[in-house]
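Structure, as C-alpha cells:
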Amino acid sequence: MNELCARSVTVRFGGVLALSEVCLRLAPGEIVGLIGPNGAGKTTLVNVLSGFQRPHAGEVTIGGSGCTKLQRHGFAARGVVRTFQAVRLFRGLTVSENVEAGFVARGLGRSAARRQAQAAIAELGLTHKMDATAAGLSYGEERRVGLARALAADPKYLLLDEPAAGLAPAEAVELRHFIAVVRAKHGCGVLVIEHNMALVMNLCDRVHVLDGGRTLAEGTPAEIRASREVRRAYLGATAAA
C-alpha cells in the first residue's frame with residue numbers, strides 16, 4: 001500500500017533517547033492524530049517523517065521504498081509536506097499573494113498561480129479575506145492561510161504540527177472542518193500533532209500515542225479514549241484508577 005511509514009525509528013540526542021523503535025503509518029485519505037505529553041517525541045517523529053531529522057536506527061518508507069537517507073527536499077518531491085507551529089506569513093503581503101508565492105515556488109506562472117491560490121483560499125473559507133494583508137488576520141485565519149499555502153505543494157502526506165495551538169474553541173472547530181475538507185478534496189493522508197483532544201477525537205480515523213519516546217497506544221479514538229494507560233500518561237495514576 002502507498003503509505004508513509006516509520007519503521008522501528010530510534011533517535012538519540014546525546015544521551016537522551018528521544019524516540020525508541022517507533023512504528024507509525026499514514027495512508028492516503030486517512031487522518032491520524034499524534035498525541036502525547038510534552039517531551040514525548042512527537043515533533044521529533046514528524047521531523048524524521050519529513051526529512052528534517054535522520055534516525056539513528058530504523059527507516060522511513062514511502063510506498064514501500066526506503067527514503068531515510070533523502071534530504072528534506074527529497075521528501076517534499078515525494079509528496080511529504082509539513083507545517084510548523086509558527087505560520088510565518090509575509091505580513092506585508094495580501095492573503096492571495098502569500099498563497100500565490102507557494103504556487104510560484106512550485107514552478108507555476110503568475111496567472112496560473114493566482115488561479116490556483118484563489119481556489120485554495122476558497123477551499124479554506126477565506127475568499128472574503130483574499131485582498132486583506134496578512135498582518136490584519138486573526139490567529140485562526142493565519143492558520144488557515146498556512147494550510148492553504150501548504151496545498152500549493154500538492155501534498156500526498158500532510159503533516160500538521162499543532163495547527164490548533166492558541167485557537168479559541170470556535171476557531172478550533174472551524175479548523176477541524178477545513179482539515180476534513182482538505183482530506184476529502186485532495187485525498188492526502190493527514191498527520192496531526194495536537195493537544196486539543198476534542199479536535200483529535202472528532203477528526204481522526206486513528207490516534208497514535210507517544211510517551212517518553214515510545215509508542216504507548218494506537219487505535220481508534222474510542223479505543224484511545226478508553227485506554228487506562230493513556231489516561232494515566234495524561235492525567236496521573238489516581239485519575240486513571
Checklist entry - Given labels modelled 7 Å from the Cα in the Cβ direction, how far is it in nm from Phe52 to Ala86? => result 1.1
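As a test of the formula, what do you get for the chain when each DSSP H run with n ≥ 4 contributes -39,500 (n - 2.57) and the sum is divided by the residue count, at 222 nm and rounded to the nearest 500 deg cm²/dmol?
-11000 deg cm²/dmol
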Next on the checklist: Report the Rg/Rh value for the chain, based on alpha-carbon coordinates and the Kirkwood definition of Rh.
Outcome noted: 0.98
Next on the checklist: Could you give each residue of the range 206-211 its phi-based ³J(HN,Hα) in whole Hz, using Karplus coefficients 6.51, -1.76, 1.60 with θ = phi - 60°, and x for Gly or Pro?
Outcome noted: 9, 10, 10, 10, 9, 8
Checklist entry - Under 23 Å Cα-Cα from Lys129, which lysines qualify once same-chain neighbours fewer than 8 residues away are excluded? => result Lys185
Checklist entry - Rounded to the nearest 5, what is the percent of antiparallel bridges among the DSSP beta bridges in the range 4-240? => result 55
Item to check | Protection-proxy order for peptides 200-213, 166-179, each taking the mean of Cβ atoms within 10 Å per residue, highest first | outcome: 200-213, 166-179
Checklist entry - Separation between the Asn2 and Cys23 pseudo-spin-labels, each 7 Å from Cα along Cα→Cβ, expressed in nm? => result 2.4
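Given a Förster radius of 30 Å and the C-beta distance between Ser138 and Ser111 as r, what FRET efficiency does 1/(1 + (r/R0)^6) yield to the nearest 0.05? Mind showing how you got there, number by number?
Numbers: r = 30 Å, r/R0 = 0.99.
According to the calculation, E is roughly 0.50.
Highest mean first, what order results for 99-112, 63-76 on Cβ atoms within 10 Å? Can you show the working numbers first?
Numbers: 99-112: 16.3, 63-76: 13.6.
Packing order, densest peptide first, comes out as 99-112, 63-76.
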Next on the checklist: With θ taken as phi - 60° and the coefficients 6.51, -1.76 and 1.60, list the Karplus ³J(HN,Hα) couplings across the range 71-87 in order, rounded to whole Hz; mark glycine and proline as x.
Outcome noted: 6, 4, 5, x, 5, 4, 5, 9, x, 8, 10, 10, 10, 10, 4, 8, 6
Item to check | Hull-based mean projected area of the range 110-240, where the convex hull spans the alpha carbons, in square nanometres | outcome: 9.4
Item to check | Cross-link reach list, lysines versus Lys42, counting only Cα pairs under 26 Å and skipping chain neighbours closer than eight places | outcome: Lys69, Lys156
Item to check | Estimated inter-spin distance, Ala180 and Ser65, nm [label 7 Å along Cα→Cβ] | outcome: 3.5
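The numbers here are math on the coordinates, done by the rules we state, and not lab data. No experiment lies behind these values; they were computed from the predicted model shown. A quick note on method: Cβ atoms are made from the backbone with ideal geometry, for glycine too, and the neighbour counts reach across all protein chains shown.
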